[in-house]
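Take a look at the structure below.
What follows draws every value from the coordinates through simple rules; no lab data is involved. Please read all numbers here as calculations on a predicted model, not as lab measurements. Using ideal geometry, Cβ is built from the backbone for each residue, glycine included, and neighbour counts are taken over all protein chains shown.
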Amino acid sequence: MTSSPNHIYSVIWQDDRVWLIDQTRLPAEYNLVEISRCEDMAQAIRTMIVRGAPAIGVAAAYGMYLGAREIETDDPEEFVRQLEKVAQLLRQTRPTAVNLFWAIARMLKTAYESISTVEEIKATLLETAQAIQLEDLETCQAIGDNGLSVLPTQPNKLTILTHCNTGSLATAGYGTALGVIRSAWRENRLQRVYVDETRPRLQGAKLTAWECVQEGIPATLITDSMAAHCMQRNLVDAVIVGADRIAANGDTANKIGTYSLAVIARAHQIPFFVAAPFSTVDFELPDGNQIPIEERHPSEIYQIGKTTICPSGIEFYNPAFDLTPAKLITAIITEKGAIKPNELINYHTVSMYEE
Ligand code: MRU
């Protein structure tokens with residue numbers, strides 16, 4: 001298992017099993033976790049060993065294959081019945097990132113449409129998981145380059161603020177919002193990136209900061225509450241974030257704290273971009289109000305490391321995502337180009353679930 005600064009892969013298929021970078025241990029430790037069973041993949045997604053919408057999709061696709069290969073029947077109909085149970089286990093891991101459901105639906109569709117033996121269906125499922133992974137990598141590279149066409153032209157070198165982690169760790173590689181930042185850096189268009197720490201799980205401080213340091217991208221870490229101050233001081237030219245689920249009208253669910261960034265960016269007339277693949281768009285939902293927002297355990301708030309930071313008796317609310325209304329989004333940067341939120345609907349073809 002290797003990972004060099006230019007090639008960070010969150011999900012690796014090798015020796016007939018999956019290896020995940022344990023994202024709960026970075027940046028202190030770089031560890032790979034071996035996953036050979038579907039149940040272990042479900043647990044890894046639930047506990048955020050692997051996280052970030054596209055990476056969760058890739059992990060779930062491999063989880064489907066790992067579950068499929070354990071099914072002991074020669075009857076294709078019985079096989080797909082049991083595969084539905086594998087899908088159900090994986091669907092229950094995390095509710096907000098639609099890439100999870102998209103990847104599971106694509107794997108199931110592959111199985112349903114294969115008119116062959118169970119062994120052949122299993123082989124096709126592995127190929128499909130690998131294709132999902134490769135496509136996501138290529139998609140992210142396209143998103144990165146498409147972002148360049150929509151970034152402000154002045155100043156020549158931009159200072160960009162980002163939130164959470166949207167880089168190689170959160171995708172099959174390269175990243176979405178961090179992919180655009182990578183492309184800007186490569187093209188000498190980046191002065192600096194401000195990285196929100198992203199309370200409570202600190203994906204910015206732990207993961208985005210790590211990726212930037214690995215690659216020599218000039219980055220400055222701030223706490224989430226410092227973003228408005230930085231904008232008021234004219235330190236920020238654009239904000240770019242990722243997405244966990246985008247509704248048909250462009251409303252976007254992303255890591256908690258994204259909505260407040262969009263509000264303050266609008267107050268300071270700073271462009272606010274969402275960068276995401278089409279696998280993150282949920283055309284089934286007309287607007288963002290039906291997007292399920294995950295609530296996680298309160299220990300994410302009341303503990304820092306192993307230290308409890310508040311009095312017992314206090315109550316907690318820990319939503320992991322929030323909803324940014326489409327009207328606050330300048331453009332959604334996708335593999336098909338930068339799209340105005342209200343034009344997203346024009347890209348709706350046939351749904352994964354309807355086909
Ligand atoms: O809870 P997480 O770490 O899975 O949340 C991740 C995010 O919110 C990312 O911004 C989003 O998935 C986009 S990743 C390219």
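The relative contact order of the chain, computed from alpha carbon pairs under 8 Å that lie at least 6 residues apart in sequence, is 16 percent.
Nearest 5 percent is fine: what portion of the DSSP beta bridges confined to the chain is antiparallel?
If we restrict to bridges inside the chain, about 50 percent are antiparallel.
R46 label point, 7 Å along Cα→Cβ, cut-off 19 Å on backbone N: hits in region 22-37? Counting only backbone N, you get 22-25, 33-37.
To the nearest 20 debye, what charge dipole does region 168-257 have about its Cα centre, counting +1 at the Cβ of each Lys and Arg and -1 at the Cβ of each Asp and Glu?
On the way: 10 positive and 9 negative charges, 17 e Å.
Taking the Cα centre of region 168-257 as origin, the dipole is about 80 debye.
For the chain, find the longest principal axis of its Cα atoms and tell me its angle to the long axis of helix 177-186, 0 to 90°, nearest 10. Helix 177-186 sits at roughly 60 degrees to that axis.
The residue list I333, N289, T208 was ranked by how far each Cα lies along the charge dipole of the chain toward its positive end, using unit charges on Cβ atoms, and T208 comes out on top.
Remark: spin-label model distance N156-R37 equals 5.9 nm, labels positioned 7 Å along the Cα→Cβ axis. Taking the DSSP bridge list for region 192-279 and keeping only pairs wholly inside it, about 20 percent are antiparallel.
Between E187 and N234, the simple label model (points 7 Å from Cα in the Cβ direction) yields a spacing of 2.5 nm. In this Cβ point-charge picture (+1 for Lys and Arg, -1 for Asp and Glu), the chain has a dipole of about 1600 debye about its Cα centre. Each of K327 and L148 was given a label point 7 Å from its Cα along the Cα-to-Cβ line. The distance between the two points is 3.5 nm. The value given for the chain is a Kirkwood hydrodynamic radius of 20.5 Å, derived from the mean inverse Cα-Cα separation. Neighbour counts of other Cβ atoms within 10 Å put W13, W19, W102 in the fewest-to-most order W13, W19, W102.
Helix 53-69 and the long axis of the chain differ in direction by around 10°, with both axes built from C-alpha atoms. Counting only alpha carbon atoms, the long axis of helix 76-91 and the longest principal axis of the chain meet at about 30°. Listed by chain and number, the lysines whose alpha-carbon sits under 26 Å from that of K157, ignoring those within fewer than 8 places in the same chain, are K206, K336, K340.
At a Förster distance of 22 Å, what's the computed FRET efficiency of V263 paired with D287, Cβ-Cβ distance as r, to 0.05?
0.75
Sorting 186-193, 113-120 by their mean Cβ neighbour count within 10 Å, with the most densely packed peptide first, gives 186-193, 113-120. Here region 53-76 is scanned for amide nitrogen atoms under 14 Å from the site 7 Å beyond the Cα of L89 along Cα-to-Cβ, giving 60-72.
Between N318, N165, N249, the Gaussian network model of the chain with springs among Cα atoms under 10 angstrom shows the greatest mean-square fluctuation at N318. Using C-alpha pairs below 8 Å separated by at least 6 residues, the relative contact order for region 11-142 is 23 percent.
Report the relative contact order of region 145-347, percent, no decimals, based on alpha-carbon pairs under 8 angstrom and at least 6 residues apart.
22
Looking at region 145-347 alone, DSSP beta bridges between its own residues are antiparallel in about 40 percent of cases.
Placing +1 on the Cβ of every Lys and Arg and -1 on the Cβ of every Asp and Glu, with no other charges, gives region 11-142 a dipole of roughly 700 debye about its Cα centre.
Highest GNM mean-square fluctuation among A320, A28, A248, for the chain modelled with Cα contacts below 10 Å: A28.
Rg of the Cα atoms in region 279-355, relative to 2.2 N^0.38 Å, amounts to 1.61.
One Cα centroid belongs to region 170-241, the other to region 115-133; the line between them spans 37 Å.
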